[in-house]
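Report on the structure given below.
The values are calculated or read from the model by the stated rules, or taken from the named source; none is laboratory data. Please read all numbers here as calculations on a predicted model, not as lab measurements. Methodologically, a virtual Cβ is constructed for each residue, glycine included, from the backbone with ideal geometry; neighbour enumeration extends over all protein chains shown. Surface accessibility is based on the protein's heavy atoms, side chains included, excluding ligands, DNA and RNA. Shrake-Rupley method; radii C 1.70, N 1.55, O 1.52, S 1.80 Å.
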Amino acid sequence: MSLIVKKYGGTSVASLDHIRRVACSVASARDNGEQVIIVVSAMGGETDRLLQLSAEITPIPSEREQDALLSTGEQACAALMAITLESIGQRAKSFTGIQLPLVTDNKHTKARILELPTDLLRKTFETGFIPVIAGFQGVSEDGSITTLGRGGSDTTAVALAAALKADCCEIYTDVDGVYTADPNVCPRARHINIISYPEMLELAGLGAKVMHVRAVELAQKYQVPLVVKSSFNGERQTWIINEEDVMENYIIKGVTLEKNVSKISLIRIPDRPGIAYKILSPLADAAINVDMIIQNVSIDGYTDLTFTIPTTDLNKATDLINQVAREIDALEVQAANNIVKISAVGIGIKTNPGVAAQMFKALAAENINIEMISTSEYRISCVIEEKYGELAVRAVHHSFGLDHNKETSDQE
Ligand code: ADP
Ligand code: ASP
Ligand code: MG
């Protein structure tokens with residue numbers, strides 16, 4: 001009997017009707033002899049609603065309490081799913097992160113999984129119950145509820161599949177797989193049938209929220225067969241597999257748009273050894289991920305430093321940087337969240353020197369100003385003004401010849 005972990009995202013469980021549809025398809029998988037474990041997200045929009053409630057109280061809520069609040073979305077959905085399964089004649093039990101327990105570190109809002117015992121789950125399905133797991137959440141060693149970061153239910157599902165040595169982890173969402181760009185932004189994006197773990201890691205890490213980046217990392221590490229499918233239509237899907245099993249015949253695999261980006265600038269800081277460390281180490285201590293960094297040419301022993309961070313950490317980071325700015329006597333701190341990061345991703349970048357120029361040309365043709373640039377073997381990223389983000393995706397996607405024509409909408 002094959003063991004499958006099936007994860008349903010927010011749009012797939014957005015209403016009781018959606019939950020019923022999922023429950024019926026789970027029941028028929030069971031009837032076909034599959035052993036099934038379900039992971040659910042909160043009902044669509046619920047996580048944002050809860051975040052909005054806490055933001056109405058304070059812009060910087062305690063992260064411990066924020067996690068306690070957000071985890072309720074998944075908990076409610078898991079219980080509703082179990083109730084629905086029972087109502088159609090299946091036996092089911094829901095579990096929260098604490099009940100499993102899915103043990104994480106104590107980095108609230110972006111915790112990482114440390115341990116995931118499987119005894120309770122095995123007992124549950126061996127006694128004929130379908131386990132329904134509340135995704136996205138865990139418990140730290142000191143007993144506090146933690147969450148795994150936005151989109152983290154994917155990671156719960158892959159971690160469970162790895163721990164249980166499941167035959168496959170199926171991610172059900174509102175698109176029928178991974179595309180060369182977000183199909184909701186770029187209507188001419190191509191469907192991708194097969195993609196390698198490293199490329200999916202880059203796409204996910206740079207804004208393709210169809211998969212949580214940590215889920216792809218775990219799938220690669222534990223060799224979990226991973227497939228992205230639509231819970232609304234079953235014709236196509238995307239398999240995420242090992243690099244050596246994918247035939248590579250393109251330079252750019254996809255284009256991404258990262259909206260969760262903000263920048264902080266420190267104006268007129270002393271240009272001397274140790275200053276960058278002094279500025280950035282409090283952010284590292286607070287587990288805030290600094291991405292691009294630019295330092296201006298020094299004039300009269302002073303310089304300016306600008307860096308990007310996730311917008312979700314902007315309030316916390318601004319607080320920390322204001323303290324450092326006073327200590328090092330900076331003239332001013334400026335924070336802005338009206339920016340986005342657009343990236344072209346592909347293994348062909350390292351061997352094709354013209355790729356960056358081609359991307360800059362596409363942006364220039366649309367009169368889009370580039371504020372920051374970074375490159376690596378697999379990607380070129382540009383920070384631009386937020387209002388041009390979607391236009392930029394379409395322009396860059398088109399310029400790399402990724403647009404589908406009507407005959408072939410699948411990437412070969
Ligand atoms: P879920 O709630 O099911 O986890 P998400 O909203 O997290 O769903 O992810 C699905 C969404 O990811 C799609 O609706 C799509 O807009 C977006 N997306 C971004 N980039 C891509 C891409 N390259 N391919 C497919 N979908 C993408
Ligand atoms: N509900 C959480 C979110 O909206 C986690 C998830 O859906 O994976 O980010
Ligand atoms: Mg998601």
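Key figures
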quantity: Cross-link reach list, lysines versus K253, counting only Cα pairs under 21 Å and skipping chain neighbours closer than eight places; calculated: K209, K229, K341, K350, K361, K406
quantity: Candidates Y277, Y179, Y388: whichever shows maximal mean-square fluctuation once the chain is modelled as a Gaussian network with Cα springs under 10 Å; calculated: Y277
quantity: Relative contact order, percent, the range 114-158 [alpha-carbon distance under 8 Å, six or more residues apart]; calculated: 28
quantity: Lys, Arg +1 and Asp, Glu -1 on Cβ, resulting dipole of the range 113-193 about Cα centre, debye, nearest 20; calculated: 220
quantity: Separation of alpha-carbon centers, the range 72-107 and the range 1-64, rounded to whole Å; calculated: 9
quantity: Cα convex hull volume per residue for the range 1-60 (Å³); calculated: 70
quantity: Those lysines that a straight Cα-Cα span of less than 21 Å connects to K93, excepting residues fewer than 8 apart in one chain; calculated: K6, K7, K123, K165
quantity: Hydrodynamic radius by Kirkwood, which averages 1/r over all alpha carbon pairs of the range 170-235, in angstrom; calculated: 12.1
quantity: Solvent-accessible heavy-atom area per residue, rounded to whole Å², over the chain at 1.4 Å; calculated: 46
quantity: Within straight-line cross-link reach of K278, aspartates and glutamates at Cα separation under 18 Å, skipping those fewer than 8 residues along the same chain; calculated: D291, D304, D319, E327, D329, E332
quantity: Using alpha carbons only: equivalent-ellipsoid semi-axes of the chain, gyration tensor based, whole Å; calculated: 38, 28, 17
quantity: The range 230-296 versus the range 124-142: alpha-carbon centroid distance in Å; calculated: 31
quantity: Loop-resident sites, the range 176-277, for GluC sites (Glu not before Pro), counting at most 11 other Cβ within 10 Å (DSSP); calculated: E235
quantity: Antiparallel DSSP beta bridges within the chain, percent to nearest 5; calculated: 60
quantity: Anisotropy class of the range 320-374 from Cα gyration tensor, a/c 1.5 cut; calculated: prolate
quantity: Sulfur and carbon atoms: percent of accessible area, the chain [1.4 Å]; calculated: 50
quantity: Estimated 222 nm signal from helices in the chain, with DSSP H stretches of n ≥ 4 weighted -39500 (n - 2.57), rounded to 500; calculated: -10500 deg cm²/dmol
quantity: Most mobile listed residue (S374, S28, S399) in the chain, GNM with C-alpha springs under 10 Å; calculated: S28
